[in-house]
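Here the structure comes first, spelled out in structure tokens, and everything after it is commentary.
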Amino acid sequence: MNDRRIRHSSPWQWIPTLYVAEGLPYFAVNTLTVLMYVNMGISLTEMAFFTGWLYLPWVVKPFWSPFIDLFKTKRGWTIAMEGMICVAMATVGFLLPFSFFFSATLVCFWIMAFASATHDIAADGYYMLELSDHDQAAFVGVRSTFYRIASVLGQGGLVMLAGHLEERMGYIAGAWRAVFLILSAFFLCITLYHSRFMPRTSADRPMPGVTPHTILSDFAKTFVTFFQKPDIGAALCFMLLYRLPEALCIKLVQPFLVASKAEGGLGLTTKEVGFVNGTVGVIALLAGGILGGLAISRGGLKKWLWPMALSLTLPCGVYCWLSMVLPSNFSLICGAIAFEQFGYGFGFTAFMLYLIYFSRGENKTSHYAFCTAFMALGMMVPGMAAGWLHDTLSSLDIFSIQGPQGYVNFFWAVMACCLVTFAVCLKLKIDPSFGKKNNLAA
């Protein structure tokens, strides 16, 4: 009787928590680490380089995802990875007060990153196995919404909590320690909850007849066919370089916001950074993405590619202006960053739709996974170099302004990289009908 009730649990009992659990570790690894390490005195060069490596599990995810079908079930993998994330987060909290925290916590974040990427594979696979085609379509908005909630919590709520604790405790390591222990407790609850309420399904089992040899053979064939697709060179350049300005910015925007005016930053508190990035910024980002989807559905990807490329790049000039003027008005800063995030959300739509476009045909699921791997690589490598670029440009006296020019020079270098975004758009060949509402599935 009890097993029967569990087996027929409503999707509402596990989909919201599953996708919050999918999003939070990603933002913990790729967002919280940046601000935490800077606040704890790690240099920009070291922070950007070592946290940049944390993207690697998402880059190589397609290479090990087929092997998950060999062992256990998707449900088992999901719950096991949540338990591993729980332990990794608790270990981060334990290690932060020690002098060797940087190297030790990086190891924990590496483990957390691989567990998170594996959780992505297993959770998405479980979702497709457990739900019918109709229910998958019905709940796609729910899973997306709760992933976005995780984004608000990870980039906003948790950062604001850390800022509040920093002010109250006067101890940065203690504040971030509390944040990661709270996250660990949350994942302990999630692990236990999913053990109870994620249904077991007969379809969720290791695939019969699948061996490491067959996986490697199929993977090799898929890999070769991906690189045999027409216009692969132009496509790879686009995947790797379209987001170059963002890839450089993403590692230094938060340090710029919290750096003092004497260091060339805006001097915001950690709590204020959580608000402007995690609430105002995320809302503007989502609004831009929604408008971008509506625009492409009416005119098609080819028509909107260049307007979206401009939308993705030109608002980066907001940071050039902020770094030169260093305004103190918090509402003005929020408005500027909301404008930049809205433009990015609008422009990013073209990028994601192009990945779908290029993946069409046989093996489209696997080819799309390769596309997302190159997307992650395009974010990882420039991000690793962002701190070094800032420090290198800091010594150059280019603009006639008072004070440090490190961030000013850096953000103008980002603007120069917008030319790369335009260049990789030139060679793309896109069917004019693709993306329009009646041709999206073509």
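Entry note, the chain: the mean residue ellipticity at 222 nm calculated from DSSP H runs of n ≥ 4, each adding -39500 (n - 2.57), is -23500 deg cm²/dmol after division by the residues and rounding to the nearest 500.
Within a straight-line Cα-Cα reach of under 29 Å, K221 can be paired with the following lysines, leaving aside sequence neighbours fewer than 8 residues apart in one chain: K61, K72, K74, K229, K364, K427, K429. Could you tally the net charge around P206, taking each other residue with its Cβ under 9 Å from the Cβ of P206, Lys/Arg +1 and Asp/Glu -1? Local charge sum for P206: +1. Over the chain, Cα pairs under 8 Å with separation of 6+ residues give a relative contact order of 24 percent. Counting protein heavy atoms only, region 1-159 has 68 percent of its accessible area on carbon and sulfur, 1.4 angstrom probe. Once the chymotrypsin sites (Phe, Trp or Tyr not before Pro) in DSSP loops with at most 13 neighbouring Cβ atoms within 10 Å are cut out of the chain, the longest remaining piece is 172-398.
Between the C-alpha center of region 54-130 and that of region 300-321 there is a gap of 34 Å.
In the full protein context, the chain carries 43 Å² of accessible surface per residue, based on a 1.4 Å probe and ignoring ligands, DNA and RNA. Please find the FRET efficiency linking M324 to D431, where r is the Cβ-Cβ separation and R0 is fixed at 41 Å, and quote it to the nearest 0.05. Given R0 = 41 Å and the Cβ-Cβ separation, E is 0.45. Split the accessible area of region 225-270 by element, probe 1.4 Å, and carbon with sulfur accounts for 66%. Checking (i) 21.3, 65; (ii) 22.2, 76; (iii) 22.3, 71 against the coordinates, the calculated Rg and Dmax of the Cα atoms in Å falls under label (ii).
The values are calculated or read from the model by the stated rules, or taken from the named source; none is laboratory data. Note that the structure is a prediction, hence the values are computed from the model and not measured. Please note: Cβ atoms are built from the backbone with ideal geometry, for glycine as well, and neighbour counts cover all protein chains shown. All accessible areas refer to the heavy atoms of the entire protein, side chains included, with ligands and DNA or RNA removed. Shrake-Rupley method; radii C 1.70, N 1.55, O 1.52, S 1.80 Å.
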